[in-house]
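I have placed the structure first, in the form of structure tokens, so that the comments after it can refer back to it.
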Amino acid sequence: MEFIYKNAWIVPFLPFSASVPIGLGSFFFPGATKSVRRTWALISIFLLSVAMFFSFNLFLQQITGGPIYQYFWSWVINNKFSLELGYLIDPLTSIMLVLVTTIGTMVMIYSDNYMSHDKTYVRFFAYLNFFTASMLGLVISPNLLQIYFFWELVGMCSYLLIGFWFTRPSAANACQKAFITNRAGDFGLLLGILGFYWVTGSFEFQYLSEKFSELTAVDEVGLFFVASCVFLLFLGPVAKSAQFPLHVWLPDAMEGPTPISALIHAATMVAAGIFLVARLFPLFKALPLMMYLISCTGGITALLGATMALAQKDLKKGLAYSTMSQLGYMMLAMGIDSYRIALFHLITHAYSKALLFLGSGSVIHSMEPIVGYCPSNSQNIAFMGGLRKYMPITGITFLLGTLSLSGIPPFACFWSKDQILSDSKLYSPILGVITWFTAGLTAFYMFRMYLLIFEGDLRVNLVHSYNNHITLYSTSMWGEKESRISNRTRADSMSKILGKNNSFSKEAFQILNKKEGLYKKNRDLVFIYPFFHKGSFASPKESDKPMLFPLVVLGMFTLFAGLIGVPFFRSGMSYDILSQWFTSSMTPFAKKHPENWSEVFIDAIPSVGIGFLGILIAYILHRPIYFLSKNVYLKRYPHMKSIMDQSINIIYNWSFYRAYIDVCYDMTLIKGIRGLAEISYSFDQWAIDGISNGLGFLALFVGEGMRCLGGGRISSYIFFSLFCIVISLFIYYYSLKN
């Protein structure tokens, strides 16, 4: 056991040892490195797998009662200052190590096939290894300064991976937006770290908490200053975990490759903010006002993310807003002192969302040969439908992740989300209403995506029937879109058939009615029958086995990861495995723990009911076969139709324009900063530069004038001097006379 603890530094070093030779080789020997690129991928997968097994060993040591272990190396030592580097192994670290390495290994296996046709395959694996090493280094850091170092490395890797196809303007803008937004939070984090060092004289977590408690107990430090430092520390997790109001970078970050979305923006980097709040939880808990702020931030983020996901047409952006909402759940749980439940939901959500993102990558991979290699087409769920018939494994695993995220038992997220709903209701009725309403919205938008993607019929067929001239797109090595055929695009055709809410327009019914045998009417319902025939058009295909293997493995985690928090009953006592790993914090409210399985099921009825209600509404609005005829509302309920159309338009615009937050930022921050920059430039040009340039020109003119007056003749100098004397005497005499 001592050997394992002493060599825990190997875990982040293994992926780093793969990243360095790949990066240097691709820089100095690009041809030779690309020729053995699959070998480098296998080496990367092998080294991260070794790190994963090492992490599992550390994890087993911790859950079986192993001690908390710290190891330090002296870096800077003098009389008044010392700085040490090292690593910390405790239950929180061991769980995060397992989480990052397992999902990272699955993503690497998946990426080997997903990125096989990309010419920048080697560069992708260099970035991926370096990001994994940075995240693992952040997790095992024993002090704030080391965490900040790896925190910035993670942000840099995120910038590189989001803008991986950097010649695509949208990707270049997205990585810059993510970088700048995170810098706002990271600057606050740095100021908070420096403030606490000035107060306590240390960066180490344990000493920091103890010294902080001593100082606050004897009132040796100002409460306002301490609260300001804690607030600045909290800004780092707000930006990194996409909490309101610094959440705006997350949906744009979907411009990166889909495996990156699964690794960074579902399971690791965005979870770093929750991890830091958990690591510094004693500091936050000492200030009740700060805990209230954390809970409110989490509640607003959860509700805002859910509402913005309601009408998204981009598959990955819909999942991104779902991630934002679930991160809000975790932050809310931290704020209401449910430390264990927040980390429980972090684990269950990470596996479920990684499964959904990798499943979305499989869907996109199959749609690209049909609709083109442009993200606005291949990720648009309006073009999908009925994919379960062509991609059964992807469809089943995506359904598992959807059920889990919707809070349906016995899947993983049910156990964690149910406890968050219960605790929030006991803590505050307002937060309880927000979390329960958000849970219903989550079930709605997740099943909306599933139904529109996997059920019904492939809607690209409507475009094929409406317009046989289809424009194909190709993607170059950097993701540039190039048109091969200059006819009407498929997106233009699809927009004529599908409305804003992905429902069939009036023109679509007219087109379909011209097809013999395509429909039959039954009172107020129109039955749309499939008219897709294999051979008449390209059909989606199931992904290759290297991409399906991670989906199956993550599907198993989604099924069974929730067992670590499932209550077991023995000798009249209720306990769960997760409680053995984390010391339960004292809650500010009296919570009644269930005493048997019947109480567990009874307590879960409301949360399961709200989930099924959301699923039912999604099925009614987006069921794949039946479409309500517009004549029903026109003839019978014209006022109801008007109200529903207005409501749908409001919801659609709220989601499409991202709750108008980006518009406000653009009008206030971006345009304001640009205006200030233009004013500063004008002031610098006309005032500061104008004064110096004016003095320079004046000196130049005076010098030139003096040079012209100086002719070198003594008689001229005497004449000019006498002339000046006469003029001066004349002026003096005139002034005396007056």
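The values are calculated or read from the model by the stated rules, or taken from the named source; none is laboratory data. Fair warning: this is a prediction, and the values are worked out from it, not measured in the lab. Glycine gets a Cβ as well: all are built from the backbone with ideal geometry, and neighbour counts include every protein chain shown. For accessibility, only protein heavy atoms count, side chains too; no ligands or nucleic acids. Shrake-Rupley method; radii C 1.70, N 1.55, O 1.52, S 1.80 Å.
Computed about its Cα centre, the charge dipole of the stretch 1-142 is approximately 440 debye, with only Lys, Arg, Asp and Glu carrying charge at their Cβ.
Here the accessible area of the stretch 283-435 is 71 percent carbon and sulfur, with a 1.4 angstrom probe and all protein chains present. Among residues other than P392 with Cβ under 15 Å from its Cβ, the summed charge is +1 (Lys and Arg +1, Asp and Glu -1).
Peptides 80-88, 105-113 ranked from most to least packed give 105-113, 80-88, packing being the mean of other C-beta atoms within 10 angstrom over each peptide's residues.
Sorted into 5 angstrom bins from 0, the C-alpha pair distances of the stretch 661-713 split as 5, 17, 11, 11, 9, 9, 8, 7, 6, 5, 4, 3, 2, 1, 1, 0 percent.
A cut-off of 5 Å between modelled amide H atoms, ignoring neighbours fewer than 5 places along the same chain, links G86 with W73. Other residues lying with their Cβ under 12 Å from the Cβ of A262 contribute a combined charge of +2, Lys and Arg counting +1, Asp and Glu -1. The distance separating the Cα centre of the stretch 187-202 from that of the stretch 599-623 comes to 46 Å. Amide hydrogen proximity for M384: with H placed 1.01 Å from N in the peptide plane, the residues at 5 or more positions away or on another chain lying under 5 Å are R459.
Shown in residue order for the stretch 309-326 are the 3J(HN,Hα) couplings computed by the Karplus curve 6.51 cos²θ - 1.76 cosθ + 1.60 at θ = phi - 60°: 8, 5, 10, 6, 8, 7, 4, 5, 5, x, 5, 5, 5, 5, 4, 4, 5, 5 Hz (x for Gly and Pro). Annotation: per residue accessible area for the stretch 1-142 equals 43 Å², rounded to a whole number [probe 1.4 Å, protein chains only]. Cross-link pairs exceeding 20 Å between alpha carbons, from the set K316/K425; K177/K317; K6/K240; K211/K285; K240/K313; K317/K541: K316/K425; K6/K240; K240/K313; K317/K541. Loop-located chymotrypsin sites (Phe, Trp or Tyr not before Pro) in the stretch 357-391 (DSSP state not H, G, I, E or B) with no more than 16 neighbouring Cβ atoms inside 10 Å: Y390. Computed with a 1.4 Å probe on the full set of protein chains, the accessible area for F150 sits at about 40 Å². Rounded to the nearest Hz, the phi-derived 3J(HN,Hα) couplings of the stretch 16-26 under the Karplus curve 6.51 cos²θ - 1.76 cosθ + 1.60 (θ = phi - 60°) are 5, 5, 8, 5, 5, x, 5, x, 5, x, 5, where x marks glycine and proline.
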